[in-house]
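Visitor: After the structure tokens below, expect a handful of questions from me.
The values are calculated or read from the model by the stated rules, or taken from the named source; none is laboratory data. Everything numeric here is computed off the predicted structure, so don't read it as measured data. Virtual Cβ from ideal backbone geometry, glycine too; neighbours counted across all protein chains shown.
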Amino acid sequence: MDQEYDVIVLGTGLKECVISGLMSVSGKKVLHMDRNSYYGGESASITPLTDLFKHFKKDEKPPENFGPFRDWNVDLIPKFIMSTGQLSKLLIHTGVTRYLEFKQIEGSYVFKGKKVYKVPATETEALATSLMGIFEKRRFKKFLSFVASYKEDDPKTWDGSDLQKMTMQELFTKFGLDSNTADFTGHAMALHTDDNYLREPAIHTVKRVILYCESLAAFKKSPYLYPLYGLGELPQGFARLSAVYGGTYMLNKPCDEIVYDSEGKVCGVRSGDDIAKCKKVVCDPSYVPDKVQKAGRVARIICIMNHTIPNTNNSTSCQLILPQNQLNRKHDIYVCMVSSVHNVAPKDYYVAMVSSMVETNDPECELKPGLDLLGPILRKFVSISDVYEPKDAGEENGLVISKSYDATTHFETACQDILSMYKRITEKEFDFSQIKDNIHTEE
């Protein structure tokens, strides 16, 4: 460890692993440490099932009829990957996908008026869905047609609308779309986490809807992918990648101190009597509690079931979003489910997660609308976590800190944080034009 590195990364959560991979493939010398004996940090996959019970229920043991305990790989913070999104491109760029297999998620659903509907993302689906009335269907079909043909560099496709100047609310109004349609478009397709987007330039939301539709077109059933055996495979893949590029991975290696020079800039990391020198340190909030501030709390409930989620066409995996306005809340509720199809549970068992940002003193009660959609639940595991963000960007002192994971069940917000961290480390934007391929699934 007593060497000099370009970057030292603390923690093996997905964000830290992606940054480690990006630095390694760009020729930087990287030391990657984790105080734990396992990969993944707060976003680890837990196996066997007995360890999941120990993590949440201490002395309780899982029932014997839950199948082989080693067939369970339960993610503490499951999130889906947009198939043609930026995270998939970052994974391809690092080369870590050669060590992993992915499979598509079967369905994408939205909650409206106490019912669950498939998210319509094509003109054909727009006309067939029962999510809207006949006239609204036609208006939404025209909106999707506009989005499908829109090209930012070709004014002929703008239909007289400058999306850099027009707000998203104005664009919805132009197409005559009602608030319910705006709701599922903004939250279940564009994946916004609040309604601020309505007052922002429409171009941002239109690009997100285009990404959703393109990702759906790539794999037909839904726009999302998930790695076989769960997200815990990702950091292990990055450990292999690091070895290829001459980097060093160390588990069970505590960070006792981040060392600063006389000018207040990071210059190394101390573990016991060992000091590794470096130019930049990247870490998750748990390594520097004095450098982060609380930004809220997130409630998550992992649910073990022996059936699919009702009204999702018997999908063995899916995402379901309950937009905030449908529940009179300030934050959406997210539901995701995976199963033996992704090698995370024995046959005929399913793992669902219900999550949201906490708004009251009774977080579990807040998630009841999502839990009620699941049907009978065999076991629940509840966690309430603080969400932290860095007090400053770290551009002056060289300490770059990730944000805690939010309540979403997709990686779009996490990817924004990764790209922000990359820019703070390298002082330049990541160039996506160099990546031409997309992730390929097991099929």
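Visitor: Would you check which residues across the range 95-104 are surrounded by 22 or more Cβ atoms within 10 Å (Cβ to Cβ) and within 19 Å of V25 (Cβ to Cβ) and list them?
Guide: Answer for the range 95-104, where residues must be surrounded by 22 or more Cβ atoms within 10 Å (Cβ to Cβ) and within 19 Å of V25 (Cβ to Cβ): just V96.
Visitor: Would you check which residues across the range 132-156 are surrounded by fewer than 13 Cβ atoms within 10 Å (Cβ to Cβ) and of a type in the set (V, I, T) and list them? Give the derivation first.
Guide: Here is the first cut: in the range 132-156, the residues surrounded by fewer than 13 Cβ atoms within 10 Å (Cβ to Cβ) are 133-135, 149, 151, 153-156.
Passing the criteria: only I134.
Visitor: May I pose another question? Among the residues of the range 35-91, write down those that are closer than 21 Å to E101 by Cα, among the basic types (K, R) and out of contact with any strand residue (DSSP E or B) (no Cβ under 7 Å at 6 or more places or on another chain).
Guide: Filtering the range 35-91 down to residues closer than 21 Å to E101 by Cα leaves 38-40, 43-48, 70-91.
Right, trim to among the basic types (K, R) and you get 70, 79, 89.
Across the range 35-91, the qualifying residues are R70, K89.
Visitor: Another question about this same structure. Among (1) modelled with pLDDT of 95 or more; (2) of a type outside the set (A, V, I, L, M, F, W, C); (3) in the same structural domain as S286 (by TED's automatic domain parsing); (4) over 20 Å from the mean Cα position of the chain (by Cα), where does K403 come up short?
Guide: So the condition that K403 fails would be (4).
Visitor: Name the one entry in K57, K114 that is touching a residue at least 60 places away in the same chain (Cβ under 8 Å) and charged (D, E, K, R). Explain how you work it out, then say what you get.
Guide: Values: K114 fails: touching a residue at least 60 places away in the same chain (Cβ under 8 Å).
None of the other options fit; the residue is K57.
Visitor: Right, here's the next one. When you go through T413, T409 one by one, which is the residue that is assigned by TED's automatic domain parsing to the domain that holds I8, of a type in the set (S, T, Y) and in contact with a strand residue (DSSP E or B) (Cβ under 6 Å, 6 or more places away or on another chain)? Write out each step before concluding.
Guide: On the way: T413 fails: in contact with a strand residue (DSSP E or B) (Cβ under 6 Å, 6 or more places away or on another chain).
T409 is the lone residue from the list that is assigned by TED's automatic domain parsing to the domain that holds I8, of a type in the set (S, T, Y) and in contact with a strand residue (DSSP E or B) (Cβ under 6 Å, 6 or more places away or on another chain).
Visitor: When K221 is evaluated against the numbered criteria (1) buried (at least 18 other Cβ atoms within 10 Å of the Cβ); (2) more than 18 Å from the chain's Cα centre (by Cα); (3) under 27 Å from H342 (Cβ atoms), which criterion, by number, is the only one it fails?
Guide: (1)
Visitor: Could you list, in sequence order, all residues of the range 188-206 that are assigned to a helix (DSSP H, G or I) and in contact (Cβ under 8 Å) with a residue 12 or more places away in the chain? Give the steps one after another, and end with the answer.
Guide: Of the residues in the range 188-206, the ones assigned to a helix (DSSP H, G or I) are 188-189, 195-199, 202-206.
The answer is A188, M189, D195, Y197, L198, R199, A202, I203, H204, T205, V206.
Visitor: Separate question: Are there strands (runs of 3 or more DSSP E) fully within the range 309-372 with at least 2 residues that are among the acidic types (D, E) and surrounded by fewer than 19 Cβ atoms within 10 Å (Cβ to Cβ)? List them. Talk me through it step by step, then tell me what you get.
Guide: Values: elements: 318-322, 333-339, 350-357.
Correct list: empty, since no element meets the threshold.
Visitor: State whether the residues of the range 154-169 include one that is out of contact with any helix residue (DSSP H, G or I) (no Cβ under 7 Å at 6 or more places or on another chain), over 20 Å from Y224 (Cβ atoms) and small (G, A, S).
Guide: Step one: filter the range 154-169 for residues out of contact with any helix residue (DSSP H, G or I) (no Cβ under 7 Å at 6 or more places or on another chain), giving 154-156, 158, 160, 162, 165.
Now narrow it down to the ones that are over 20 Å from Y224 (Cβ atoms): 154-156, 158, 160, 162, 165.
After this cut, where a residue has to be small (G, A, S) as well, the list is 160.
For the range 154-169, residues out of contact with any helix residue (DSSP H, G or I) (no Cβ under 7 Å at 6 or more places or on another chain), over 20 Å from Y224 (Cβ atoms) and small (G, A, S): present.
Visitor: Name the residue, out of D392, D406, D386, that is among the acidic types (D, E), surrounded by 20 or more Cβ atoms within 10 Å (Cβ to Cβ) and not in a helix (DSSP H, G or I). Explain how you work it out, then say what you get.
Guide: Values: D392 fails: surrounded by 20 or more Cβ atoms within 10 Å (Cβ to Cβ); D386 fails: surrounded by 20 or more Cβ atoms within 10 Å (Cβ to Cβ).
Every option except D406 fails the conditions.
Visitor: Give the number of residues within the range 23-56 that are surrounded by 22 or more Cβ atoms within 10 Å (Cβ to Cβ) and assigned to a helix (DSSP H, G or I).
Guide: Residues in the range 23-56 being surrounded by 22 or more Cβ atoms within 10 Å (Cβ to Cβ) and assigned to a helix (DSSP H, G or I): 6 in total.
Conditions tested, residue by residue: (1) part of a helix (DSSP H, G or I); (2) within 30 Å of V116 (Cβ to Cβ); (3) over 28 Å from the mean Cα position of the chain (by Cα); (4) at pLDDT 95 or above.
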residue	(1), (2), (3), (4)
K142	yes, yes, yes, yes
D159	no, no, yes, no
K165	no, no, yes, yes
F172	yes, yes, no, yes
G176	no, yes, yes, yes
A182	yes, yes, no, yes
G186	yes, yes, no, yes
